[in-house]
Amino acid sequence: MADDAQTSADLKEKRLGLALLASAFVVATCGLIYELLAGTLASYLLGDSVTQFSIVIGTYLFAMGVGSWCSRYVTTAEIAVFVRVEVLIAAIGGGSAAVLFLLFDRVSDFRLPLYGLVLMIGALVGLEIPLLMRILKDRLEFGDLVSKVLTFDYVGALAASLLFPLLLVPHLGMIRTGFLFGLANVGVAIALIVMLGRDLRLRVELWVGIGVAVALAAGFVAAERLQRAAEVGVYGEPVIYAASTPYQRIVLTKQGDDLRLYLNGNLQFSSRDEYRYHEALVHPLMSRVAHPRDVLVLGGGDGLAVREILKYPEVRSVTLVDLDPAMTALFSRSALLTPLNHGSLLSPKVRVLNADAFLWLRANRRQFDAVLVDFPDPTNFAIGKLYTVSFYRELVRALAPGAMISVQSTSPLVAPRAYWTVATTLEAAGLTTRGYHVYVPSFGEWGFVLATNGAVPRPGPLPHGLRFLTPQTDALAFAFPPDMARRPVPVNRLDNQALVREFEAEWAVYEG
Amino acid sequence: MTVSRRTVLAGSVAGAAALGVGALALDAGEAAIPGTLGGADFARGHRLRGGNFPAPTETQRTDIAIVGGGVAGLSAAWALANAGVTDFRLLELEDHSGGNARSGRNAVSAYPLGAHYLPIPNPEAKGILRLLEQLGILTGWQGGKPVFDPYAIVADPDERLLYLGKWRDGLVPDVGLTPQDRHDVTAFFAAMEVFRTRRDSAGRPAFAIPMALSARDPDLLALDKLSFTQWLDARGWHSPVLRGHVRYACRDDYGTEPDQVSAWAGVHYFAGRRGTAANADRDAVLTWPEGNGYLVGRMGARLKAHLDCGRIVHRVAPANSGVVIDSLDVARGIGVRLEAKAAILAMPHFVARHVVPEGTLEDGHFDYAPWIVANVTVDRPPAGEGTALAWDNVAWNSHSLGYVVATHQSLASVPGASVLTWYLPLSDMPPAEARRLMLDRSLEEWQHMVRDDLLGMNPDLAGAIRRIDVWRWGHAMIRPGPNFFWSGARERAGAPQPPLYFAHSDLSGLSLFEEAHYRGTVAAQAAMAQFGISYADALT
């Protein structure tokens, strides 16, 4: 009987030893995954991947050193401490990506939570290996111990570094990757508790571990909503921010120094060439208005057009009407985005109104010297209403004497009928129009229409420091080659939605 | 009866049965859907049949009394007001004027309870054009064509049809047609186009709105002797697609199956519309969230001082040189006598016949179609594969006429919660039987039927239905059966018998805003002529 008991205890010890070694593999993998998540997130959200990765890795390794050093103060009940550390890492590391994504547009300095998390995770991971070694030291020879633990540690690291870019980020996305590895971490803790059974009184740890596991699993499932996995594949670039508002889905992607905004899957700008678009939207208009004092922007919640408008010192007020408060808040607050629009939405000259443009315009009694209409392309009937003759008639009421309008009007190359429908419709509202177009690499050949009561004046001086528009490029923009030349098209009305139909037909051909 | 028609009927019965089973299966443990069961006040209407009204204890006097505050009564009052007449009263049975054009409102939107649009008026509908001009809905003229308030013209897309599993543009199927379908549909619409453009030697349109201005060519009037089904049969147009569409049309405008609709009315539906506008396409309509409730609301606002609602008029009798009108003032519970020089009876024929001395009005076979109208409040707009949400959404396989979106004219660029107005004419049983059914069924039963039908069309609405308010119209509209139009009875019923003048769309046989307006205006002008009051003829 005693022999049997002895054998059984030996067996149990052996099994536990093996399990502990396996856990070395798992914790190493998880540890590296958290580090990679933090590094990737930092380079997505803060830019400059070399700097970000380098700082994150440095901070992380330093924190691990702190953790290792602290392990000396653990003198009793190493296994219990190890289990608790595992549960903690699972909770903090597993949720780190989600927390960072959620905080991204809510904090003014994103680096604080980022490095805070990196330090915490690093310190806890630093505790793991020394503790594990001390737990195993009675079960293995020293040489054997070091070689085995470190082997599992390094193999785990290799696994993580291969899995992360090849499988996890493209297929799961970063948030779910975090949750998944948190689950693996807490799984190790729970497995150890179960194996140790009644030897150690770890009931509280067990329940906390199960709680963390459930929370992580729920997070994993809910992450589907937080950041649709599909999106990771839909956008060509890594998604760094995604939010569904009552009005639209806002997605930011970043690859290298190229930051892109998508609304409902449609590209709104690429930080690489948006200056071409926004200079073209704003300056042909602003330079032609004699005294652009009060300016109205419809749409354009990214504040990029406003950035250009504020280059005219004569401007005393800019009224920006954008439907989505989430959009204007994001572009007012985020430390990632305000450098792009020069904090334009926070300028004391700028008043941001979150309202439906058509309804706001019908109620509006103010007049403006310059109006920029920067709505999304007319991809559906709801947006199509914002391009109708009824809308433009309301807009005419908002024009001060000598005022001008510029309207983003889709691509005259891809959709010439749609493009000229906008001009024809503005004319049906009693305005004189002049179309122009520029090349924006991320969009292609893009068109705008200038409209005003009476003749379109010649341009005045342009502000200094423009990167695209000069008197020469302005003049060139008004020439239309035959493939984009004006053609007879119907007026877009609320009751015919001619534009949406033209737009759909032409882009369908283009997109095959 | 043809094979195709039976197929359609069998389909609808099977559909209704399936819906019933669905409703039963879902019943268990389900939370009740909020909503109300409303309708033209049955108790007040039925009280008329019972008689036994208190003798009048109060007497009032006026020059002209209008009895009935629907579109005809309001139009009569409008004409009087336009002519500067001030001494007239308008008595209405219900607590609100507006008749079939009445509307409701909740936190999400205003919505129609009945009629929900006005087609761009025909050039001969001078009265309506003037009314719209006065209301600022007709804003001007361009090249001889009226310009309308662009926000009132139904926004695109206006119609879609759920057919063969997908929402499609328009209401006539144009996919999956057999050569026979294609031939019959083409031939039918070509024939309608001939009727639409035809004029008689006096230049009158073959099918006018108001219908009284129609040509009287014998071959046209002869259409009235047949049912629409018989007329189609005689042409050999049996395509189930054509017949299905024709059935939809007859139920839509007349609440009646095509085999019970006069062919004259059937053709009128397809060939009567010739309205044009400088700023709208052919076949456009004017609409508002509350449907024609908008029009009667504007009219009622101007006429407010003349309105007496909640008055059950039970006796209208010529007396001395005028007329006495006895009514029960529901709110005060007392009988009130109104002495007038003339009375315009702007109530349905079956009610008018009841309150005037026996023998004044003949029966004339005036039948009425019962309807159910449900207003369904939803958290999000309906979607569906194919054509985007339209104003009018019809499912080919549904027994209902589908739904109209109350928020369709909204300019908001992101659609949210809405009210869907769902229509069902109880056309597949005799009207009296349908009215009994209407009274027997509970709110819950109607709600389940509405919900199941709606979810059949738009499964995407599952979980989005907030409430269903059901409205019952026992006598929603006149049923224009064969021989109704041109056999003499209809004309005799409308002939004035001074000091009594009759005004109701019943007298046109077509339950249309334009007809009610025309009848009301004609009666008011005749009454004014009797008293030598000068007025500008609104109708020429």
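Being surrounded by fewer than 20 Cβ atoms within 10 Å (Cβ to Cβ) and either touching a residue at least 12 places away in the same chain (Cβ under 8 Å) or within 14 Å of another protein chain (Cβ to nearest Cβ) (or both) holds for only one residue in B:THR387, B:THR377, and it is B:THR387.
As a summary of the residue check, B:TRP446 satisfies the conditions (1) among the hydrophobic types (A, V, I, L, M, F, W, C); (2) farther than 21 Å from B:HIS116 by Cβ; (3) surrounded by fewer than 23 Cβ atoms within 10 Å (Cβ to Cβ) except for the one numbered (2).
Based on what the data block shows, is A:PRO481 in contact with a His (Cβ under 9 Å, 6 or more places away or on another chain), surrounded by fewer than 18 Cβ atoms within 10 Å (Cβ to Cβ) and not small (Gly, Ala, Ser)? Considered against the rule, which asks whether it is in contact with a His (Cβ under 9 Å, 6 or more places away or on another chain), surrounded by fewer than 18 Cβ atoms within 10 Å (Cβ to Cβ) and not small (Gly, Ala, Ser), A:PRO481 comes out as no. Listed by first and then second residue, the pairs linking a residue in region A:145-159 that is in the same structural domain as A:VAL27 (by the TED database) to a residue that is at pLDDT 85 or above and of a type in the set (Ser, Thr, Tyr), with Cβ atoms under 8 Å apart and 6 or more places separating them unless they lie on different chains, are A:GLY156/A:THR29; A:ALA157/A:THR29; A:ALA159/A:THR29.
With respect to the stated conditions, B:ILE137 fails to be touching a Pro at 6+ places or on another chain (Cβ under 6 Å), touching a residue at least 40 places away in the same chain (Cβ under 8 Å) and either among the aromatic types (Phe, Trp, Tyr) or under 25 Å from B:SER511 (Cβ atoms) (or both). The residues of region A:400-424 that are hydroxyl-bearing (Ser, Thr, Tyr) and surrounded by fewer than 24 Cβ atoms within 10 Å (Cβ to Cβ), listed by number, are A:SER411, A:THR424. All conditions in (1) outside any strand (DSSP E or B); (2) surrounded by fewer than 24 Cβ atoms within 10 Å (Cβ to Cβ); (3) not aliphatic (A, V, I, L, M) hold for B:SER75, with the sole exception of (2).
Being loosely packed, with under 14 Cβ neighbours inside 10 Å, assigned by TED's automatic domain parsing to the domain that holds B:VAL241 and among the charged types (D, E, K, R): is that true of B:ARG216 here?
Working: loosely packed, with under 14 Cβ neighbours inside 10 Å: yes; assigned by TED's automatic domain parsing to the domain that holds B:VAL241: yes; among the charged types (D, E, K, R): yes.
Yes: the conditions hold for B:ARG216.
Annotation for region B:482-501: no member residue is surrounded by 21 or more Cβ atoms within 10 Å (Cβ to Cβ), hydroxyl-bearing (Ser, Thr, Tyr), at pLDDT 95 or above and not in a strand (DSSP E or B).
Residues in region A:252-262 include none that are within 14 Å of another protein chain (Cβ to nearest Cβ) and either more than 28 Å from A:ASN364 (Cβ to Cβ) or within 16 Å of the chain's Cα centre (by Cα) (or both). Tallying residues that are under 13 Å from B:ASN100 (Cβ atoms) and either in contact with a Cys (Cβ under 8 Å, 6 or more places away or on another chain) or not in a helix (DSSP H, G or I) (or both) within region B:502-525 yields 4.
Contact map, region B:169-197: residues that are farther than 17 Å from B:ARG273 by Cα paired with residues that are part of a loop (DSSP other than H, G, I, E, B), Cβ distance under 6 Å, separation 6+ or inter-chain. Pairs shown: B:ASP169/B:THR387; B:GLY176/B:LEU164; B:GLN180/B:SER239; B:ASP181/B:SER239; B:ASP184/B:TRP237; B:ASP184/B:SER239. Only one of the listed residues (B:ASP428, B:ASP469, B:ASP460) is outside the structural domain of B:THR256 (by TED's automatic domain parsing) and assigned to a helix (DSSP H, G or I). That residue is B:ASP460.
Among the conditions (1) surrounded by fewer than 16 Cβ atoms within 10 Å (Cβ to Cβ); (2) not in a helix (DSSP H, G or I), the only one that B:THR186 does not satisfy is (2). Residues in region A:274-288 that are buried (at least 22 other Cβ atoms within 10 Å of the Cβ) and more than 18 Å from A:SER442 (Cα to Cα): A:VAL282, A:HIS283, A:PRO284, A:LEU285, A:MET286.
Which one of A:ILE129, A:ILE121 is modelled with pLDDT of 90 or more, within 25 Å of A:VAL155 (Cβ to Cβ) and not charged (D, E, K, R)?
Exactly one residue qualifies, and that residue is A:ILE121.
Only one of the listed residues (B:LEU420, B:LEU426) is under 23 Å from the mean Cα position of the chain (by Cα), crowded, with 22+ Cβ neighbours inside 10 Å, in contact (Cβ under 8 Å) with a residue 40 or more places away in the chain and more than 18 Å from B:ILE33 (Cα to Cα). That residue is B:LEU426.
For A:ALA479, state whether it is assigned to a loop (DSSP other than H, G, I, E, B) and over 31 Å from the mean Cα position of the chain (by Cα). So A:ALA479 fits the description; yes. Scanning region B:238-287 for residues that are aliphatic (A, V, I, L, M), away from every other protein chain (no Cβ under 14 Å) and in a loop (DSSP other than H, G, I, E, B) turns up just one, B:VAL261.
Out of B:ALA215, B:ALA202, I need the residue that is outside any helix (DSSP H, G or I), in contact with a strand residue (DSSP E or B) (Cβ under 8 Å, 6 or more places away or on another chain) and without any contact (Cβ under 8 Å) to a residue 40 or more places away in the chain. Which one?
B:ALA215
Restricting attention to region A:381-398, which residues are within 10 Å of chain B (Cβ to nearest Cβ) and surrounded by fewer than 18 Cβ atoms within 10 Å (Cβ to Cβ)? Walk me through it before giving the result.
Residues of region A:381-398 within 10 Å of chain B (Cβ to nearest Cβ): A:381-386, A:388-391, A:393-394.
Hit for region A:381-398 is A:ARG393, nothing else.
With respect to A:ALA455, determine if the residue is more than 35 Å from the chain's Cα centre (by Cα), aliphatic (A, V, I, L, M) and in a strand (DSSP E or B).
Answer is no for this residue.
Reported count of residues in region B:125-153, each being over 20 Å from A:ARG393 (Cβ atoms) and buried (at least 22 other Cβ atoms within 10 Å of the Cβ), is 4. Could you list, in sequence order, all residues of region A:492-511 that are more than 14 Å from chain B (Cβ to nearest Cβ) and touching a helix residue (DSSP H, G or I) at 6+ places or on another chain (Cβ under 7 Å)? Matches in region A:492-511: A:GLU506 only.
Listed here are the residues, each with its yes/no results for (1) crowded, with 21+ Cβ neighbours inside 10 Å; (2) at pLDDT 85 or above.
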| residue | (1), (2) |
| --- | --- |
| A:LYS148 | no, no |
| A:LEU167 | no, no |
| A:ILE175 | yes, no |
| A:PHE179 | yes, yes |
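Meeting the requirement of 2 or more residues that are more than 27 Å from A:HIS437 (Cα to Cα), away from chain B (no Cβ under 14 Å) and not charged (D, E, K, R), the strands (runs of 3 or more DSSP E) wholly within region A:282-376 are A:350-353. Of everything in region A:303-343 that is at positive phi and touching a Leu at 6+ places or on another chain (Cβ under 9 Å), the residue that is surrounded by the most Cβ atoms within 10 Å (Cβ to Cβ) is A:GLY303.
The values are calculated or read from the model by the stated rules, or taken from the named source; none is laboratory data. These figures come from a predicted structure and were not determined experimentally. All Cβ positions, even for glycine, are placed from backbone atoms using ideal geometry, and neighbour counts span all protein chains on display.
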